[in-house]
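A short reminder: the numbers here are calculations on the coordinates, not readings from a lab. Note that the structure is predicted; figures quoted are calculated from it, not measured. Positions of Cβ are backbone-derived with ideal geometry, glycine not excepted, and every protein chain shown enters the neighbour counts.
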Amino acid sequence: MKSFIPVLVLCIIVGIAGHAVAQNYTNLLQDKSLRHWTLPNGNPVEEGWSFDPDGALHLVGKGDNILTQGEYQNFDLWFDFRISEKGNSGIKYRVQKYETSWLGPEYQIQDDAAFPNQEAKHNTASLYDLVDRSNSIFERRYLP
C-alpha cells in the first residue's frame, strides 16, 4: 500500500478460552501501558506510540509496527479508529514472520475519499487485497 502508516492495533481485548470453565481475559492495553507489546525487532516500544487522556492509543508521526509479546489463539478484537486526511493504515492479526516480513490478514483503515479510484477490496473495513467490505462474510452476527 502506498504511504502505509504501520499500525497493528489501536485497541485490543483478548479473551483466552477455557473448556467449560470461566474464561480468563487479558487486556493488552491495561493501565495505558505498552508492556505487553514489542517492536518487530524485539525491542520495547519506547517512541512513536502514546495514549491520549481518554486512553486511546495513537501513533505520533511515523513509527514502527507493534506486536504482542505473547501469542493468542482465541480472542476478540474490538476497536474504534480515527484516520488523518489521506491516511492509509491497517491492523494486521494472526501474523507470522516470513524472512524479514510479518504477514497476516489486514483490516484496512484509510481515508477512502482520498483514494476514490481504487479496488473495493482496498477500502476501509475490507480484508486488504482479499475480500471487500460488502462481502456477506462481514455480516455482524456475533456482536453483543
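The table below gives the values:
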quantity	calculated
Contour minus Cα-Cα distance for residue 137 and residue 113 (0.36 nm per residue)	6.2 nm
Square roots of 5 times each gyration tensor eigenvalue, C-alpha, segment 60-140, largest first, Å	22, 17, 13
In segment 88-144, the chymotrypsin sites (Phe, Trp or Tyr not before Pro) that fall in loop regions by DSSP, at most 14 other Cβ within 10 Å	142
Separation in nanometres of the label points that stand 7 Å from Cα toward Cβ, at residue 101 and residue 69	2.9 nm
Stretch gain in nm, segment residue 79-residue 94, where the contour uses 0.36 nm per residue and the Cα spacing is subtracted	3.8 nm
